[in-house]
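The values are calculated or read from the model by the stated rules, or taken from the named source; none is laboratory data. Keep in mind that this is a model prediction, so the values were computed, not measured. Don't worry about glycine lacking a Cβ; one is built from the backbone with ideal geometry, like all the others, and counts go over all protein chains shown.
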Amino acid sequence: MNPSIRTTFNLSFTEEKYADFLVDLNAGLKKPIEFRIAETPVFLTDDFRNKLIQAGDEIVATILQPGFKELTERAIPEKWRVANENDHSHFIALDFGVCKDDAGNIVPKLIELQGFPSLYGFQVHLAENYRHAFDVHGNQTIFFNGLSKSSYLDLLRKTIIGPYEPDEVVLMDVDAPNQKTAVDFYITEGYIGTPVVSLADLIQEGDQLFYLHKGEKKRIRRIYNRLIFDEIENNPELFNKVVDIRKPLDVEWITHPNWFYRISKFTMPFLDGEYIPKTQFLHNVKEIPEDLQNYVLKPLFSFAGQGVIIDIMDGDIEKINDPENWILQEKVNYVPVLESPDGGVKIEIRLLYLWPDGDAKPTLAVNLARLSRGKMIGVRYNKDFDWVGGTVAFMHK
């Protein structure tokens, strides 16, 4: 992390500035942000930024290999398989913990990956407010590949809207207005014009989908999908009341729901490199490691860290009756390298890629970061702490 910028930031930080920042951040939004925003951005050194880019390039190379779809066919639960899958994910998110290698160097280590969109709109809004409230220098950017806000939004628009009109593309989630990430939905609508709808708003006529737009029925050409099937796992009757989006429909998916499973924890055992923790499908483990304290057990088909066994106890592995649906992953030990006024804070950085139709490969575009003092990254592990929560990483242009 960049020590000179960090020192300057901390010396000028006040609780009053942070309070004003939050007021400005929420100004004009449909509803207040429902997750904690950290007191500070992250400031990356050029060296660490380059390591992140290298790590991401190596992972994307695996996804681009011929046969990747065949390799990940088992990743998709049959009950959630959706028809008319396309050739690639329009979004890739790679989560890296900030760690130390055996030589003591600060390095990124892959935690998880997703073929699913993240806060592509909100991060721009967040960075602009950090910059204004805390005088972040103009030579610092949140974008990669030479992108600016304008060119980034052009790429976002190209990815999501493509050849259609903005009102022919809807951003859809189960209950969109009441999601914790709804702030991103409406900011995205403001940036590129995609209306926000819930699953229950979809109207089916034959194999076509419609929604009500300004009182008129409007054809849906594309769905910018933010729905995760895990969220309706406990409500199997839902599809008796709404359009069954798993069926063959005359609509394009941005990105297709099957990619959420293909690019996921399921992909981890197929990756290799210095920034990848050793990972195996549990049923392929020939010999249980003697140092189990250095591993975690993760279920393949769970969301937001649910079911993860961080501290493996005697008998935990033997109790698992579907080992083909679990991975045994080398534990990634975050290092609290961000200096707050009262101690170190752990960092996770998410690289966000955009892959519009017609492009040969995805473009690393922007980032998201999260700060933690708890055992894991996430709200439930960071209650009652400060200098934790959602943020963004700045780096030299």
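Structure above, values below:
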read-out: Wholly within segment 195-288, strands (runs of 3 or more DSSP E) carrying at least 2 residues that are of a type in the set (F, W, Y) and farther than 18 Å from I111 by Cβ; value: 208-213
read-out: Pair list, Cβ < 8 Å and 6+ apart or interchain, from segment 319-341 residues that are over 16 Å from N284 (Cα atoms) and touching a residue at least 40 places away in the same chain (Cβ under 8 Å) to residues that are surrounded by 16 or more Cβ atoms within 10 Å (Cβ to Cβ) and aromatic (F, W, Y); value: K331/Y295; L338/W387; S340/W387; P341/F13; P341/W387
read-out: Inter-residue pairs, beta-carbon under 6 Å, first within 24 Å of V242 (Cα to Cα) and in segment 148-172, second part of a helix (DSSP H, G or I), 6+ apart; value: L171/F185
read-out: Boolean, K17 is under 23 Å from the mean Cα position of the chain (by Cα), surrounded by fewer than 19 Cβ atoms within 10 Å (Cβ to Cβ) and among the basic types (K, R); value: no
read-out: Residue in segment 44-55 that is buried (at least 18 other Cβ atoms within 10 Å of the Cβ), closer than 17 Å to V335 by Cβ and in contact with a helix residue (DSSP H, G or I) (Cβ under 8 Å, 6 or more places away or on another chain) present; value: yes
read-out: Among the residues listed as Y353, Y334, the single one being under 30 Å from R6 (Cα atoms), part of a loop (DSSP other than H, G, I, E, B), at pLDDT 90 or above and hydroxyl-bearing (S, T, Y); value: Y334
read-out: Given (1) touching a Phe, Trp or Tyr at 6+ places or on another chain (Cβ under 7 Å); (2) part of a strand (DSSP E or B); (3) more than 30 Å from Q208 (Cα to Cα), number of the condition I92 does not satisfy; value: (3)
read-out: Filter result for the condition that a residue is farther than 25 Å from I53 by Cα and touching a Leu at 6+ places or on another chain (Cβ under 7 Å), over L292, L282; value: L282
read-out: Segment 86-117 - residue that is surrounded by fewer than 16 Cβ atoms within 10 Å (Cβ to Cβ) and acidic (D, E) and, of those, nearest to S302 (Cα to Cα); value: D87
read-out: Within segment 129-146, considering residues that are assigned to a loop (DSSP other than H, G, I, E, B) and crowded, with 17+ Cβ neighbours inside 10 Å, the one farthest from the chain's Cα centre (by Cα); value: V136
read-out: Meets criteria (among the aromatic types (F, W, Y), farther than 21 Å from N86 by Cβ and out of contact with any Gly (no Cβ under 9 Å at 6 or more places or on another chain)) for F116; value: no
read-out: Criterion violated by L126 - all others in (1) modelled with pLDDT of 95 or more; (2) loosely packed, with under 14 Cβ neighbours inside 10 Å; (3) among the hydrophobic types (A, V, I, L, M, F, W, C) satisfied; value: (2)
read-out: Among (1) over 21 Å from I33 (Cβ atoms); (2) more than 17 Å from the chain's Cα centre (by Cα), the one test that T159 misses; value: (2)
read-out: Residue that is among the small types (G, A, S) and more than 20 Å from M395 (Cα to Cα), where the choices are A93, A38, A27; value: A27
read-out: Residue ID - farthest from I223 (Cα to Cα), chosen from residues in segment 147-194 that are β-branched (V, I, T), touching a strand residue (DSSP E or B) at 6+ places or on another chain (Cβ under 7 Å) and not in a loop (DSSP other than H, G, I, E, B); value: T188
read-out: Condition broken by P323, with the remaining ones in (1) buried (at least 16 other Cβ atoms within 10 Å of the Cβ); (2) under 28 Å from T181 (Cα atoms); (3) at pLDDT 90 or above satisfied; value: (2)
read-out: Members of segment 29-61 found to be of a type in the set (K, R) and assigned to a helix (DSSP H, G or I), listed by number; value: R49, K51
read-out: Residue in segment 10-24 that is touching a Leu at 6+ places or on another chain (Cβ under 9 Å) and among the acidic types (D, E) present; value: no
read-out: Scan of segment 293-328 for residues that are over 17 Å from K278 (Cα atoms) and within 21 Å of the chain's Cα centre (by Cα), ordered by number; value: F301, S302, F303, A304, G305, Q306, G307
read-out: Leading residue by the ranking (farthest from E231 (Cα to Cα)) among those in segment 298-328 that are among the hydrophobic types (A, V, I, L, M, F, W, C) and in contact with a Leu (Cβ under 6 Å, 6 or more places away or on another chain); value: I312
read-out: Where a residue in segment 23-49 is small (G, A, S) and its partner, wherever it lies, is surrounded by 15 or more Cβ atoms within 10 Å (Cβ to Cβ), with Cβ under 8 Å and at least six apart; value: A38/R370; A38/L371; A38/W387; A38/V388; A38/G389; A38/G390; A38/T391
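Yes/no per residue for (1) within 27 Å of the chain's Cα centre (by Cα); (2) surrounded by fewer than 19 Cβ atoms within 10 Å (Cβ to Cβ):
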site: A200; (1), (2): yes, yes
site: H213; (1), (2): no, yes
site: I228; (1), (2): yes, yes
site: E237; (1), (2): no, yes
site: K241; (1), (2): no, yes
site: T255; (1), (2): yes, no
site: F260; (1), (2): yes, no
